[in-house]
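The values are calculated or read from the model by the stated rules, or taken from the named source; none is laboratory data. Remember, predicted model here, so these are calculated numbers, not experimental data. Using ideal geometry, Cβ is built from the backbone for each residue, glycine included, and neighbour counts are taken over all protein chains shown. Side chains included, ligands, DNA and RNA excluded: accessible areas come from the protein's heavy atoms. Shrake-Rupley method; radii C 1.70, N 1.55, O 1.52, S 1.80 Å.
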Amino acid sequence: MELNWLKTFVIAAEHGNFRKASELLYISQPTVTVHIKQLEKEVGAELFVREGRKVILTEAGRRYVKEAKTLLSLYEEGISNLHSFQQGFTSQLTIGISPLIADTILPFVLKQFIQSHSNIEISVKIIESIKIEQAVELEEVDIGLSCLPNRKTDLKCHHLYEDPLVLAVPHDGFDLETGYPIEEEDIFRQHTLLTHNHPGYWDELCQQIKVKYPHTKMMKVSQTHITKRFIIEGLGVSILPKSTVRRELLEGRLLEVDCQSINLPDAKTYALMKYEHSIQKEFLKFLSQYRI
C-alpha cells in the first residue's frame, strides 16, 4: 500500500471533492482517481460514491478513514522523531500553558531552560487553565502550568508560586507630586470593573466588591492582555496579578491603587503532571528556582 494513496483518500474524504484534493496535493484529478481506485482494490471495498460533483464516503469509507488518519499520523510522528534525533534532541517535553502564565514569567524561564538543556525538544501548547487538567490526563501534554489545581483527577499537583493582586487603573495624566490621591471608593464608583480575566479568584472577589460597593458596574473580559488594553484606553479598571502588569506600571501606562477595604487574595500557579518522569522533574526543579 502506498502512503500517497492514503493521503489522497484522507484529503478527498475531508473535502468531498476529487478536484479540490488534486489542487491541495498538486496532482492531476485523474491521478486522484487512480489513487482511490488502487486503494479500494487494496482494501477490497468501495470507499466513495458520487453525488453530482461531490463524492461521499460509503459506510466502509467512513470506517476506514479513521484508520487511514491513524496510519498517516504514525508515519509523520516517526519522521518527526527521526528529524529530532538528527538535530541532536534526545528527549521531548510538551508543555501546556495557560495564556496568563505564558504572558508573564514563563518566556524568560523557558529561554533559560532551553539554553541549559539543548538536548530536549520543547513544544508549547497554549490552553485555557480550565482545560489543562484534561490535556494532562489525556497525555496531550507532559506537564501543565495552570492557574487552577486539579479538581477531578488524581494528577500530581505542585503549587509553584503565589502572585499578589493589584487594583490597576488608567494613568490620570499627573505625576506623583502634582496629582491628587486616587481613592479606592472613587475608582469603584466611577469606573467599570473588568472581571473574570483569571479563572481562580473572581467569583469570590466579585461578591466582596458587591457588598462593599453595590453600585459598581462590572464587565467580563476573558483575556488578560485585552483587559490591560481596555484599561489603558480608559474602558475600565481591573484587579490583576502584579506580574501581568509589572511592565505597564513601570512604564507609567497604568497606575496601582492601594486597595484597603477589599481583601485581595493571591493568584496561584500550579504544575500538573500525570507521570513524574525524570524530564518532568527536571523542568519542575528548574521552574521552582524562579519566583514572581
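Among the residues of the stretch 104-122, those identified as part of a helix (DSSP H, G or I), open to solvent by 30 Å² or more (accessible area, probe 1.4 Å) and either under 20 Å from residue 267 (Cβ atoms) or polar (S, T, N, Q) (or both) are 107, 108, 112, 115, 116. Residues in the stretch 239-275 that are assigned to a strand (DSSP E or B) and over 21 Å from residue 130 (Cα atoms): 254, 255, 256, 257. For the stretch 218-245, the tally of residues that are open to solvent by 70 Å² or more (accessible area, probe 1.4 Å) and out of contact with any strand residue (DSSP E or B) (no Cβ under 7 Å at 6 or more places or on another chain) stands at 5.
Residues of the stretch 90-103 that are open to solvent by 30 Å² or more (accessible area, probe 1.4 Å) and assigned to a loop (DSSP other than H, G, I, E, B): 90, 103. Restricting 111, 152 to residues that are at pLDDT below 90, closer than 30 Å to residue 252 by Cβ and basic (Lys, Arg) narrows the list to 111.
Pull up the stretch 38-87, narrow it to residues that are part of a loop (DSSP other than H, G, I, E, B) and exposed (fewer than 12 other Cβ atoms within 10 Å of the Cβ), then point me to the one that is modelled with the highest pLDDT. Checked the stretch 38-87; the qualifying residue modelled with the highest pLDDT is 44.
Scanning the stretch 16-30 for residues that are part of a helix (DSSP H, G or I), open to solvent by less than 90 Å² (accessible area, probe 1.4 Å) and either in contact (Cβ under 8 Å) with a residue 24 or more places away in the chain or in contact with a helix residue (DSSP H, G or I) (Cβ under 7 Å, 6 or more places away or on another chain) (or both) turns up 18, 21, 22, 24, 25, 29. Take the conditions (1) surrounded by fewer than 18 Cβ atoms within 10 Å (Cβ to Cβ); (2) touching a residue at least 12 places away in the same chain (Cβ under 8 Å); residue 214 misses just one of them, which is (2). Within the stretch 39-57, residues that are without any contact (Cβ under 8 Å) to a residue 12 or more places away in the chain sit with their Cβ atoms under 6 Å from residues that are open to solvent by less than 60 Å² (accessible area, probe 1.4 Å) and outside any strand (DSSP E or B), at 6+ positions apart or across chains, in these pairs: 40/47; 49/58. Here the condition is being of a type outside the set (D, E, K, R) and over 30 Å from residue 112 (Cβ atoms); of 280, 207, 223, it holds for 207 alone.
The residues on offer are 131, 125, and the sole one that is open to solvent by 70 Å² or more (accessible area, probe 1.4 Å) and under 15 Å from residue 270 (Cα atoms) is 131. Selection of the stretch 1-15 for residues being open to solvent by 70 Å² or more (accessible area, probe 1.4 Å), without any contact (Cβ under 8 Å) to a residue 40 or more places away in the chain and part of a helix (DSSP H, G or I) yields 4, 14, 15.
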